[in-house]
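This report concerns only the one structure given below.
The values are calculated or read from the model by the stated rules, or taken from the named source; none is laboratory data. All values reported here derive from a predicted model rather than from experimental measurement. Quick reminder, even Gly has a Cβ in these numbers, built from the backbone with ideal geometry, and neighbours come from all protein chains shown. All accessible areas refer to the heavy atoms of the entire protein, side chains included, with ligands and DNA or RNA removed. Shrake-Rupley method; radii C 1.70, N 1.55, O 1.52, S 1.80 Å.
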Amino acid sequence: MTSELDRFYELIEDIEIAMMTTRRPKGHLRSRPMANQERALGADLWFVTLADSAKLEDIAHDRHVNLAYFKRDTMEWISVSGLAETTTDRVKIAELYADDWKMWFPDSGDPRDGTKDDPRMTLIGVTIHTAEFLRIDKPKPVILYELAKGWITGSQPQIGDVKQIVEPRRTGM
């Protein structure tokens, strides 16, 4: 399991952007792109957002989220279902802070300046319930051959193995 969990995190780091799906208070689903943050204790996956973001209202209504990732050049994908928690803990924000956050929190000439002390920053931590992902360990020419063979013969291409992680053991992320 540990090697599958390691491979899962490798894929997450390679893809960088997830489509986070939340449930709106009236029941409708909404997805939006979210950038992965560094791994840190407190959640399996971390994201940062503006404090007045609609996604926070969605999470307050229903903590269940789905994260979908796709890496076009390898055709690897990941689907994560889990529970989201939000926090404005300044220590955790400072721990995870990255300089590229400034572009999402532009300087307004007051304390809202895109630094780690910006009061608009809210973290979303996701604890994984289940994750499924397509693991591909074949060279690209073999994958292309499998895809062409599947298209010609009408059979399903054998490009990789679907792996599943259920409630991973959290060991000192």
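Scan 39, 7 and give me the residue that is in contact (Cβ under 8 Å) with a residue 24 or more places away in the chain, under 26 Å from residue 161 (Cα atoms), among the basic types (Lys, Arg) and open to solvent by 70 Å² or more (accessible area, probe 1.4 Å). Every option except 39 fails the conditions. Filtering the stretch 74-96 to residues that are free of Cβ contacts under 8 Å to residues at least 60 places away in the same chain and open to solvent by 50 Å² or more (accessible area, probe 1.4 Å) leaves 77, 83, 85, 86, 88, 89, 90, 91, 95.
Quick check, is residue 38 modelled with pLDDT under 95 and in a loop (DSSP other than H, G, I, E, B)? When the stated conditions are applied, residue 38 passes them.
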